[in-house]
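Remarks on the structure that follows.
The values are calculated or read from the model by the stated rules, or taken from the named source; none is laboratory data. Keep in mind that this is a model prediction, so the values were computed, not measured. Note that each Cβ is placed from the backbone with ideal geometry, even for glycine, and that neighbours are counted across all protein chains shown.
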Amino acid sequence: MKVYISADIEGVAGVVHAEHTLRDGKEHDNARELMTEEVNACIEGALAAGADEIVVNDSHGTMRNIYPNRLHSKAKLLMGTPKKLAMMEGLTAEYDAVLFVGYHTRAGKNGILNHTFSGKVIKNIRVNAIDMGEFGLNALVAGYLNVPTVFVSGCNLLAEEAHALIPKIETVIVKESISRTAALNVSPSESKRLIEQGTKRALEGVSGKTPFKMEGPYIVEIEFLNTGYADAVEIVPVYERIDPLTVRFTNNNWLHCYRFIRGAIMIANSVQ
Ligand SMILES: [Zn+2]
């Protein structure tokens, strides 16, 4: 069994603030340790369920967060950025399952450290009129490749967001969101236990799980936090300006849509 793990940091137990998540944050190194340990717990669960090939994609910010020297020896680590498929780079149709560790709710919804790809520029992303965050957009990449997304860990509200799109997904809740920067966390040792067990359950039932798909063509609308970002993005004629804050494009290939979203965010982030 070939397993793909996409690991973010905002949904890790013990992480609640930008001081944990930003590269120069005073508590970032501790958050990186907690993230590495939760990923290792997911790997342990996958091995117990029979996985014999495991790739971990470091999917947060610099994408250089997980400590390679602390990573479980049975997994390979995809590090660094840019990557064409960002949080889903390296996934192919040959994988049997996708698991998300340390994920968070989408921009505009409650939940610890909620945002969608870039808290600086993105207000909302819609696909065929459905609001989507990183969970949904990334699960669509897996689904487009016919790989089921079977597991996610994070806060209680992320579990709701995930179940709304994939009712049968195995969710592990490692913290209860109180505000955007406050949460009631389980201890790191308990989060590791929950993630290991949840991963094992998710992968033992993998044959009964279907990939998360949406019918194309995909009409994607990206709403920015201010008009200046849309001004910059619409320079590329892929993006049609539909209102002061929003650009739109349509495409039948979800992997191309995902790359257009990533490209728009890179352009917007270049605005001073
Ligand atoms: Zn992140």
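General remarks:
- Residue match in region 227-239 (condition: crowded, with 16+ Cβ neighbours inside 10 Å and under 19 Å from residue 130 (Cα atoms)): yes
- Pairs linking a residue in region 8-28 that is closer than 19 Å to residue 87 by Cβ to a residue that is among the aromatic types (Phe, Trp, Tyr) and within 13 Å of the ligand (Cβ to nearest atom), with Cβ atoms under 9 Å and 6 or more positions apart or on different chains, are 8/100; 8/103; 10/103; 11/100; 11/103.
Conditions tested, residue by residue: (1) more than 23 Å from residue 143 (Cα to Cα); (2) within 16 Å of the ligand (Cβ to nearest atom); (3) part of a helix (DSSP H, G or I).
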position	(1), (2), (3)
12	yes, yes, no
24	yes, yes, no
31	yes, yes, yes
35	yes, yes, yes
40	yes, no, yes
54	no, no, no
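- Taken over region 198-237, the criterion of being modelled with pLDDT of 95 or more, assigned to a helix (DSSP H, G or I) and among the β-branched types (Val, Ile, Thr) is satisfied by 199, 227, 233.
- Applying the condition of being away from the ligand (no atom under 15 Å from the Cβ) and free of Cβ contacts under 8 Å to residues at least 60 places away in the same chain to region 88-119 and asking which residue is farthest from the chain's Cα centre (by Cα) yields 93.
- Within region 42-52, considering residues that are small (Gly, Ala, Ser) and assigned to a loop (DSSP other than H, G, I, E, B), the one surrounded by the most Cβ atoms within 10 Å (Cβ to Cβ): 51
- Residue within region 192-203 that is touching a residue at least 24 places away in the same chain (Cβ under 8 Å), of a type in the set (Val, Ile, Thr) and crowded, with 22+ Cβ neighbours inside 10 Å present: yes
- Test: residue 70 is within 18 Å of the chain's Cα centre (by Cα), away from the ligand (no atom under 12 Å from the Cβ) and farther than 19 Å from residue 172 by Cβ: no
- Scanning region 8-39 for residues that are touching a strand residue (DSSP E or B) at 6+ places or on another chain (Cβ under 8 Å) and surrounded by fewer than 24 Cβ atoms within 10 Å (Cβ to Cβ) yields a total of 1.
- Counting only residues that are under 20 Å from residue 194 (Cα atoms) and of a type outside the set (Val, Ile, Thr), region 75-110 holds 7 of them.
- Qualifying positions in region 188-213 - among the charged types (D, E, K, R) and farther than 12 Å from residue 50 by Cβ: 190, 192, 193, 196, 201, 209, 213
- Taken over region 171-191, the criterion of being assigned to a helix (DSSP H, G or I) and touching a residue at least 12 places away in the same chain (Cβ under 8 Å) is satisfied by 188, 190, 191.
- The strands (runs of 3 or more DSSP E) falling completely within region 80-157 that include 3 or more residues that are aliphatic (A, V, I, L, M) map to 97-101, 122-127.
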